[in-house]
1. Rounded if a/c is under 1.5, else prolate if a/b is larger than b/c, else oblate: which is the range 140-388, with a ≥ b ≥ c the root eigenvalues of its Cα gyration tensor?
2. Considering the Cα positions of the range 387-481, please state its Rg to one decimal place and its Dmax as a whole number of Å.
3. Given a cut-off of 15 Å, what percent of all Cα-Cα pairs of the range 105-148 lie beyond it?
4. To the nearest whole percent, what portion of all C-alpha pairs in the range 241-361 is separated by more than 25 angstrom?
Ligand SMILES: Cc1ncc(COP(=O)(O)O)c(C=O)c1O
């Protein structure tokens with residue numbers, strides 16, 4: 001096997017592979033993975049120079065894992081590429097799009113922060129507390145439900161608005177929580193993850209020129225979804241009290257929120273429990289928001305994907321249940337978070353018939369329908385949650401994981417902002433005297449340093465702020481605790497070793 005590929009060697013792949021005896025294998029693998037991406041994602045693709053440019057972010061690799069790692073990298077990264085130095089062999093096999101420009105609506109989008117930090121974590125063999133996905137198996141009853149669904153013939157297109165068993169089960173679970181009898185066929189739309197719910201909501205409800213108020217820090221798909229609908233994001237940050245040690249001390253200045261609303265404002269997005277701050281909005285806060293929303297005749301997208309993960313008795317409150325708010329609110333949930341199956345990409349939007357219909361009108365032209373067997377499984381899983389006491393168990397599990405990570409962080413002086421909900425913890429990094437030699441935001445440089453030198457990967461929260469407010473994240477890093485206890489313990493050990 002070839003050892004780490006050196007940058008200079010990649011400039012001449014032929015020489016490299018002749019020397020190492022892997023020439024054909026390598027070219028086939030690379031070509032295949034790139035061609036796959038062209039077909040699958042419509043990305044511009046490349047040549048030897050691309051490999052050279054991309055390689056530093058990929059870290060050392062063996063020829064056998066090239067396709068996987070390049071696919072992973074590229075699936076979250078768009079590069080307009082130059083082919084100046086492409087060599088004949090690669091040129092023959094790889095589409096060259098030297099002057100290619102993506103459509104304007106996506107041109108300003110960079111790579112997500114997760115691409116860089118996942119690659120960096122791999123490169124430095126860091127314990128990865130960056131990207132928030134559970135690394136433990138989904139509950140047995142959920143997996144069993146999927147197995148049964150696949151074996152039972154649920155393998156053709158689903159109803160566009162949602163597979164009947166899934167929407168009925170969701171209606172049954174949520175009706176008592178919403179204090180109304182939800183109509184499963186008209187007030188629920190199953191989406192390809194909550195992410196598609198966000199996108200379809202913007203496509204279905206936002207007109208070009210409309211303004212959409214986003215509360216920072218936000219889930220990073222919000223601005224992109226607003227922009228692709230032709231809307232204009234308007235940002236209002238949560239602000240922590242100085243030295244905050246609890247997410248409850250992060251709050252929204254209601255005057256600032258009121259000041260952000262103009263006659264062009266159409267919709268406000270709220271995320272409770274909040275990623276990454278871990279804040280759970282209180283009744284008083286939701287009432288104030290509801291007051292402003294009704295005064296200015298706005299719609300609300302309430303992203304509640306972490307609804308089952310609140311701690312220390314903090315109640316999760318649904319904005320749609322406040323007086324006058326059902327009529328204005330689209331509420332989103334996610335099977336990825338609820339059942340620890342982020343790869344299933346199943347979400348749901350709950351809304352009054354007219355709003356749900358608007359979301360559906362967009363959704364029917366985005367994926368048309370969501371994977372049938374997994375909807376069947378989600379339906380079967382929801383049917384069992386009450387009898388199993390599943391949600392209490394989930395919250396208890398995450399509460400213990402939160403405490404474990406919070407103690408480990410506090411022990412080494414990384415003061416955590418204890419989350420009330422979600423599976424993320426922000427820490428204060430202001431006192432860290434790590435080198436910050438580049439012009440990148442401080443939190444990005446600190447998180448790179450944590451990953452490289454301390455061996456624990458974190459995500460820089462500036463990714464969840466608009467350009468004008470990124471500075472608010474300068475002294476914070478986000479860790480996630482949706483990981484096995486073994487991984488959390490390994491992270492704790494690295495922290496102790498390297499900060500000790
Ligand atoms: C606040 C928030 N909303 C939505 C999502 C996306 O959910 P899904 O994986 O169901 O698309 C995430 C995922 O991290 C999130 O943090």
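1. Here the range 140-388 falls in the prolate category.
2. When restricted to Cα atoms, the range 387-481 yields Rg and Dmax of 15.0, 55 Å.
3. Looking at the range 105-148, the distances longer than 15 Å represent 62 percent of pairs.
4. 27 percent
Read the figures in this text as sums done on the coordinates, not as results from a lab. Bear in mind that the values here come from a model prediction, so they are computed numbers and not experimental data.
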